[in-house]
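Trainee: Sending over a structure as structure tokens; questions will come in a sec.
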Amino acid sequence: PHSKQIVDDPATADPAQKCEAAYSFCKKIIDATAPYACCYKPNGAFFEALGDDGAKTLCRVLREIPTDIPILLDVKRGDIGSTAAAYAEACYDHAKADAVTLSPLMGWDSIAPFVTEQYSQKGAFLLCKTSNPGSN
């Protein structure tokens, strides 16, 4: 969630307050929808925007998701070589995602680290046409 949605005054809230508010916001959604959800798709950018503890907060939220419900981590990564491999490691080994969103603009070598070798059983959603007006 964007900090404007979870704290009264984002300008005066400290990072810890924002992280706790983001966690509570997401936990309420998970608790209310877990019996019905087929997947959860948290957006990594909103957690990255929380600063140093944002990644920890994202992982804390992801641990609340029942293990039988897949996690599609919305990160829209799209880099090459060792950078793509590092992103894959972060998403799969640290965040424990089952799948990720990817931007394939840079070609197969930007996708391969997410879906081959040790991650061949993971999923990927590739962006091809998005809903934003600028994508026309």
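Trainee: Hey, could you check region 77-97 for residues that are of a type in the set (D, E, K, R) and over 12 Å from the mean Cα position of the chain (by Cα) and say which is most open to solvent (accessible area, probe 1.4 Å)?
Mentor: Going residue by residue through region 77-97, those that are of a type in the set (D, E, K, R) are 77, 79, 89, 93, 96.
Subsequent filtering for residues that are over 12 Å from the mean Cα position of the chain (by Cα) retains 79, 89, 93.
Working: Asp79: 49, Glu89: 87, Asp93: 67 Å².
Among them, the one singled out is Glu89.
Trainee: Please go through region 113-135 and give me each residue that is open to solvent by 80 Å² or more (accessible area, probe 1.4 Å) and either among the charged types (D, E, K, R) or within 13 Å of the chain's Cα centre (by Cα) (or both), ordered by number.
Mentor: Initially, region 113-135 is screened for residues open to solvent by 80 Å² or more (accessible area, probe 1.4 Å), giving 117-118, 121, 125-126, 128-129, 131, 133.
Across region 113-135, the qualifying residues are Glu117, Phe125, Lys129.
Trainee: When you go through (1) at pLDDT 95 or above; (2) outside any helix (DSSP H, G or I); (3) open to solvent by 80 Å² or more (accessible area, probe 1.4 Å); (4) acidic (Asp, Glu) one by one for Asp74, which number turns out not to apply?
Mentor: Condition (3) is where Asp74 drops out.
Trainee: Can you tell me which of Ile6, Ile30, Ile71 is more than 22 Å from Gln118 (Cβ to Cβ), of a type in the set (Val, Ile, Thr) and within 16 Å of the chain's Cα centre (by Cα)?
Mentor: Working: Ile6 fails: within 16 Å of the chain's Cα centre (by Cα); Ile71 fails: more than 22 Å from Gln118 (Cβ to Cβ).
Being more than 22 Å from Gln118 (Cβ to Cβ), of a type in the set (Val, Ile, Thr) and within 16 Å of the chain's Cα centre (by Cα) holds for just one of Ile6, Ile30, Ile71, which is Ile30.
Trainee: State all residues of region 104-128 that are closer than 14 Å to Ala86 by Cα, assigned to a loop (DSSP other than H, G, I, E, B) and either touching a Lys or Arg at 6+ places or on another chain (Cβ under 6 Å) or of a type in the set (A, V, I, L, M) (or both); if no residue qualifies, say none.
Mentor: Ile111, the sole residue that qualifies.
Trainee: Just to be sure before I move on: is Val75 under 28 Å from Lys28 (Cα atoms), touching a residue at least 24 places away in the same chain (Cβ under 8 Å) and touching a Pro at 6+ places or on another chain (Cβ under 8 Å) in the structure I sent? Walk me through how you get there before you give the answer.
Mentor: Numbers: under 28 Å from Lys28 (Cα atoms): yes; touching a residue at least 24 places away in the same chain (Cβ under 8 Å): yes; touching a Pro at 6+ places or on another chain (Cβ under 8 Å): no.
Spelling it out, it is not the case that Val75 is under 28 Å from Lys28 (Cα atoms), touching a residue at least 24 places away in the same chain (Cβ under 8 Å) and touching a Pro at 6+ places or on another chain (Cβ under 8 Å).
Trainee: Tell me which residues, restricted to region 99-112, are open to solvent by less than 30 Å² (accessible area, probe 1.4 Å) and of a type outside the set (S, T, N, Q).
Mentor: Step one: of region 99-112, the residues open to solvent by less than 30 Å² (accessible area, probe 1.4 Å) are 99-102, 107, 110-112.
Ala99, Val100, Leu102, Gly107, Ile111, Ala112 - these are the residues of region 99-112 that are open to solvent by less than 30 Å² (accessible area, probe 1.4 Å) and of a type outside the set (S, T, N, Q).
Trainee: I need every pair where a residue in region 2-21 that is under 16 Å from Pro42 (Cα atoms) has its Cβ under 7 Å from the Cβ of a residue that is modelled with pLDDT of 85 or more and of a type in the set (Gly, Ala, Ser), sequence separation at least 6 or different chains.
Mentor: Short answer, once both residue conditions are applied: Ile6/Ala21; Ile6/Ala22; Cys19/Gly54.
Trainee: Which of the residues spanning region 30-51 are buried (at least 16 other Cβ atoms within 10 Å of the Cβ) and in a helix (DSSP H, G or I)?
Mentor: Of everything in region 30-51, those that are buried (at least 16 other Cβ atoms within 10 Å of the Cβ) and in a helix (DSSP H, G or I) turn out to be Ile30, Gly44, Phe46, Phe47.
The values are calculated or read from the model by the stated rules, or taken from the named source; none is laboratory data. Model, not experiment: these values are computed from the prediction. Every residue, glycine as well, gets a Cβ built from its backbone with ideal geometry; the counts of neighbours run over all protein chains shown. Please note that ligands, DNA and RNA were not included when accessible areas were found on the heavy atoms of the full protein model with its side chains. Shrake-Rupley method; radii C 1.70, N 1.55, O 1.52, S 1.80 Å.
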